[in-house]
Structure formats: C-alpha cells, structure tokens
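The values are calculated or read from the model by the stated rules, or taken from the named source; none is laboratory data. Remember, it's a predicted structure, so these values are computed and weren't measured experimentally. Positions of Cβ are backbone-derived with ideal geometry, glycine not excepted, and every protein chain shown enters the neighbour counts. These accessible areas exclude ligands, DNA and RNA; they are computed on the full protein's heavy atoms, side chains included. Shrake-Rupley method; radii C 1.70, N 1.55, O 1.52, S 1.80 Å.
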Amino acid sequence: MKIAVILGTRPEIIKMAPVIRELERRKADFFILHTGQHYSYNLDGVFFEQLKLPQAKYNLEAGSGSHAEQTAKILVGIEGVLQEENPDIVLIEGDTNSILAGALAAVKLPIKVGHVEAGLRSYDRNMPEEINRILADHCSDFLFAPTEKAKAILLGEGIPEEKIFVTGNTIVDVVYQNLEIAREKENTLDTLNLKPKEYFLVTLHRQENVDNRARFLSILKGLDKVAEEFHLPVIYPIHPHSRKMMTKFDLQPQRLMLAEPVDFLSFLQLESNARLILTDSGGVQEEACILTVPCVTLRDNTERPETLEVGSNILAGVSPDTILECSKAMLGRENNWQNPFGDGTAGRKIVEILMRGNNG
Ligand code: UD1
Ligand code: UDP
C-alpha cells in the first residue's frame, strides 16, 4: 500500500509528525507532499528539523495568495503528483486550504482519502477552516475522529459509521513525545527573561480576528487590560500574518511583548510554564488542556468543545472587559481536569487502521 502524506502549514506538520513517525517505524511505502502554503523557516523548516521528519519528496511552493488563488494552485499541483505517483491513499490533517485541495484532488481521481482530525465543527461558516473541514470530511473514506463527540457530529451529517474511527488526537502523541526533550533544551524562558508561572502566553492569528481592525483592536485592548491588572508580562509570539495586519491597521499594543514565532520545543516550554494562555489557535487550546494550563479562547466559538466541558478553557469573545473577566475566572479554577483527546497513541492507531485497509 502506497500512502501520500499531504501537508502545508505549521499545525499540519506538527500533528502529522506522529503518523509519519509510525509510517517510518513500519517501513511503510509513503512519501510527503508539501504544498508550500507555509514557507518561512519558523513556520515550516524548523518543525521538520526538530521533529526529525524526512524531507518532503515534493514541494509545490504554492505560497500565499487569496483563498481561490492558493487553493487552486495547490489543487492543480497535487493532482499532477497524484497522477504520477498513483498512491492507494492520500492522508490529510486538519482544516487548511492545503488539505481541502488535497481532498478534492484525490477524491476525483479517484484515490481514497484519510482525514486526520475529522469531525470538528465550530458551526461558524465565516471561518475558512469550517468550510475546509466540512468538505474534507465529506470527501473522505477514513475519518479519524479525535473524540466520540467528533464521531457523533460525523454520524449526524450522514457519514457511514464504518468510515469513522475514534483514535484520539495526534497532538497528544506529539506533546508526550516532546515534552521531556523540551524540558532538557536550552531554556527559552531565560532568553526572554520570563519566570515560570509569572507570565501569560498569547497567540492570535485567525483571519476573522486579525483581518478585522475593530476585532483585532478590541482583543489587543483586552490583553493590555490583563497585563495591567496582573502586573505580569504577556508574551505574544506573533504569526507573520498578524504582524502584517497590525502594521497595516497601525495598532500598537501598549503592554504586550511581541516575539517572532518560536520552534515547537520552545513553544512547549512557554506553554507549560505559563500561568495562563490566551489564544485563538485550535492546536494551542488542545495543548493548554493537555499541559493543564488554563486557557482563555479569544473567539466566540470553538470546534474543541471538549476543552470547555472539562473546564480547561473558556470562550471570551473579543470584548476587552470579557477577556479580563474570563482571565480572572480561569485563574480561579482548579487545574485538575482530564485530557479528553486520548492517550498519545493516535498516530499508531491511524496507521494500523490504514494498513488493515478495511472501512467497509
Ligand atoms: C493558515 C490556515 C489556518 C491555520 C494557520 C496555521 C487556511 C485558510 N488558513 O493560516 O487555518 O490556523 O495557517 O498557522 O488555510 N505568511 C508568511 N510566511 C509563511 C506563510 C504565510 O509570512 O510561511 C504570511 C503571508 O503574509 C500570508 C499570510 O501569512 O499572506 C497568511 O498565510 P496563509 O497560509 O494564507 O494563512 P495563515 O494565516 O497562515
Ligand atoms: N506553535 C509553535 N510556535 C509558535 C506558535 C505555535 O510551535 O510560536 C505550535 C503550537 O504548539 C501548536 C501549533 O503551532 O502545535 C498551532 O498552530 P497554529 O496556531 O498556527 O494553527 P491552528 O492550530 O490554529 O490551526
């Protein structure tokens, strides 16, 4: 069985790493197709190096562009590679434009599609990711749902049960596999002059937040309020897209420490030692939950409702007062929740299921 692993952005590289590791361990016949959606070293190359992933056999170098431009370029590029390589299955992860293109190119050839992290829904169609997830799921033959909740969503949309496999989320695997290594690495906190549990960590990059001046400004005001209230540093490793929008909108947060995006091990150090994490990232909501660090989500909804249910996360929206109130509320909670995303064996389970090749 020949497997094409398609990825293109930071979170896909990180979350696909446990699957790739397992494919390597089993000496499976596979290759990586990188779409090139992310190309800056600190969003791409650093993760291949740090997670010791084999080089991509193909890089489409699609780069940035409008949604249509980017998706179309990737779609055409992937189709060419798939026609040449003729794999038995295409594996995709998550909800980016890269994976939508991967799913569409494959399903029409037709080649079977396996979707890692299937069944997530925010029910917010303003998010490009929501459209990508729904379409990718409905093109897929193997849907690897991280939780029973995600499986129930897929069943509710009419996807046959024999296509759905609850495996846990590969983010647990990658966190467990790297946390010890991160602890032994040179300490990023020292470099940034931070003390354990005496700072807040922020990430913010979602299009619906940073492409809208009023929303971006409101969130930054909220973060300034939090910094002022607690007299603690708030560190924000800023995604290049958010940096660009901050400059375009002439926004100048008063009390935030801006930094370049960091590598995965450094980010794990920053997360695990933070007093509180404030984010609009999907992966970071999960990691905060796994690392038992309280999380405030700077959005009106989440496709990770499990984090709300176990009490690791709260939805703050974008109003400055609510962001402050939610931060206070989370700091008052006991950090004794159970991680709902699995036991760190998702990568192994996914590969086992693929090798069995049985989805009805
Ligand atoms: C994409 C995904 C988003 C995911 C995020 C992970 C879509 C629709 N969005 O958003 O779901 O959460 O990746 O980080 O697929 N840029 C660089 N260097 C790069 C890549 C991008 O500087 O390597 C800048 C460019 O200015 C570019 C902008 O970021 O225009 C947006 O990049 P893009 O890949 O379109 O979307 P992300 O915001 O990264
Ligand atoms: N991350 C990182 N360095 C950073 C910020 C994030 O390594 O400076 C990692 C983080 O650990 C998580 C992933 O990037 O695994 C999340 O990616 P992102 O927030 O870009 O995308 P999303 O999960 O929202 O799709």
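Here is a yes/no grid of residues against (1) more than 18 Å from the chain's Cα centre (by Cα); (2) modelled with pLDDT of 95 or more; (3) farther than 22 Å from A145 by Cβ:
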| position | (1), (2), (3) |
| --- | --- |
| A17 | no, yes, no |
| E22 | yes, yes, no |
| G45 | no, yes, yes |
| E61 | yes, yes, yes |
| L75 | yes, yes, yes |
| V81 | yes, yes, yes |
### Task
Might you check whether a residue that is touching a residue at least 40 places away in the same chain (Cβ under 8 Å) and more than 16 Å from ligand 2 (Cβ to nearest atom) occurs anywhere in segment 70-77?
yes
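Residues are listed down the side, and each one gets a yes or a no for (1) closer than 17 Å to V296 by Cα; (2) open to solvent by less than 10 Å² (accessible area, probe 1.4 Å):
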residue	(1), (2)
S312	yes, yes
S327	yes, yes
M330	yes, yes
N336	yes, no
G342	no, no
T345	no, no
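Can you confirm whether D321 is closer than 20 Å to T147 by Cβ and open to solvent by 40 Å² or more (accessible area, probe 1.4 Å)?
On the way: closer than 20 Å to T147 by Cβ: no; open to solvent by 40 Å² or more (accessible area, probe 1.4 Å): yes.
Spelling it out, it is not the case that D321 is closer than 20 Å to T147 by Cβ and open to solvent by 40 Å² or more (accessible area, probe 1.4 Å).
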#### Entry: Residues of segment 24-60 satisfying the condition of being farther than 23 Å from M1 by Cβ, open to solvent by 30 Å² or more (accessible area, probe 1.4 Å) and among the charged types (D, E, K, R)
E49, K52
### Query
Hey, among the residues in segment 198-218 that are farther than 17 Å from A288 by Cβ and open to solvent by less than 10 Å² (accessible area, probe 1.4 Å), which one's farthest from ligand 1 (Cβ to nearest atom)?
F216
#### Entry: All helices (runs of 4 or more DSSP H) inside segment 188-242 with 2 or more residues being more than 16 Å from ligand 2 (Cβ to nearest atom) and either hydrophobic (A, V, I, L, M, F, W, C) or over 27 Å from S40 (Cα atoms) (or both)
213-230
### Task
Give the number of residues within segment 260-287 that are outside any loop (DSSP other than H, G, I, E, B), farther than 19 Å from N42 by Cβ and more than 10 Å from ligand 2 (Cβ to nearest atom).
5
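Restricting to segment 27-65, count the residues that are part of a loop (DSSP other than H, G, I, E, B) and away from ligand 1 (no atom under 15 Å from the Cβ).
Step one: of segment 27-65, the residues part of a loop (DSSP other than H, G, I, E, B) are 27-28, 35-40, 44, 51-57, 60-65.
Now narrow it down to the ones that are away from ligand 1 (no atom under 15 Å from the Cβ): 27-28, 51-55, 57.
Count: 8.
In segment 258-268, is there at least one residue being of a type in the set (V, I, T), at pLDDT 95 or above, closer than 27 Å to N169 by Cα and in contact with a Cys (Cβ under 9 Å, 6 or more places away or on another chain)?
Just the residues of segment 258-268 that are of a type in the set (V, I, T), to begin with: 262.
Narrowing further to those that are at pLDDT 95 or above: 262.
Filter once more, so that each one left must be closer than 27 Å to N169 by Cα: 262.
With the extra rule that they be in contact with a Cys (Cβ under 9 Å, 6 or more places away or on another chain), the set shrinks to none.
So far as segment 258-268 goes, no, none of its residues is of a type in the set (V, I, T), at pLDDT 95 or above, closer than 27 Å to N169 by Cα and in contact with a Cys (Cβ under 9 Å, 6 or more places away or on another chain).
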### Message
All but one of (1) assigned to a helix (DSSP H, G or I); (2) in contact with a strand residue (DSSP E or B) (Cβ under 9 Å, 6 or more places away or on another chain); (3) of a type outside the set (D, E, K, R) hold for L135; state the number of the condition that does not hold.
### Response
(2)
### Task
Filter segment 235-290 down to residues that are charged (D, E, K, R) and open to solvent by less than 20 Å² (accessible area, probe 1.4 Å) and give me whichever is farthest from ligand 1 (Cβ to nearest atom).
E271
### Task
Check whether at least one residue in segment 152-162 is open to solvent by 40 Å² or more (accessible area, probe 1.4 Å), of a type in the set (G, A, S) and in a loop (DSSP other than H, G, I, E, B), and report yes or no.
yes
### Message
So P18 passes all but one of these: (1) assigned to a helix (DSSP H, G or I); (2) of a type outside the set (G, A, S); (3) open to solvent by 20 Å² or more (accessible area, probe 1.4 Å); (4) more than 16 Å from ligand 1 (Cβ to nearest atom). Which condition number does it fail?
### Response
(3)
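Looking at A105, is it surrounded by 22 or more Cβ atoms within 10 Å (Cβ to Cβ), among the small types (G, A, S), touching a Gly at 6+ places or on another chain (Cβ under 9 Å) and free of Cβ contacts under 8 Å to residues at least 60 places away in the same chain?
Considered against the rule, which asks whether it is surrounded by 22 or more Cβ atoms within 10 Å (Cβ to Cβ), among the small types (G, A, S), touching a Gly at 6+ places or on another chain (Cβ under 9 Å) and free of Cβ contacts under 8 Å to residues at least 60 places away in the same chain, A105 comes out as yes.
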### Query
In this structure, is E303 open to solvent by less than 20 Å² (accessible area, probe 1.4 Å), within 18 Å of G342 (Cβ to Cβ) and in contact with a Ser or Thr (Cβ under 6 Å, 6 or more places away or on another chain)?
yes
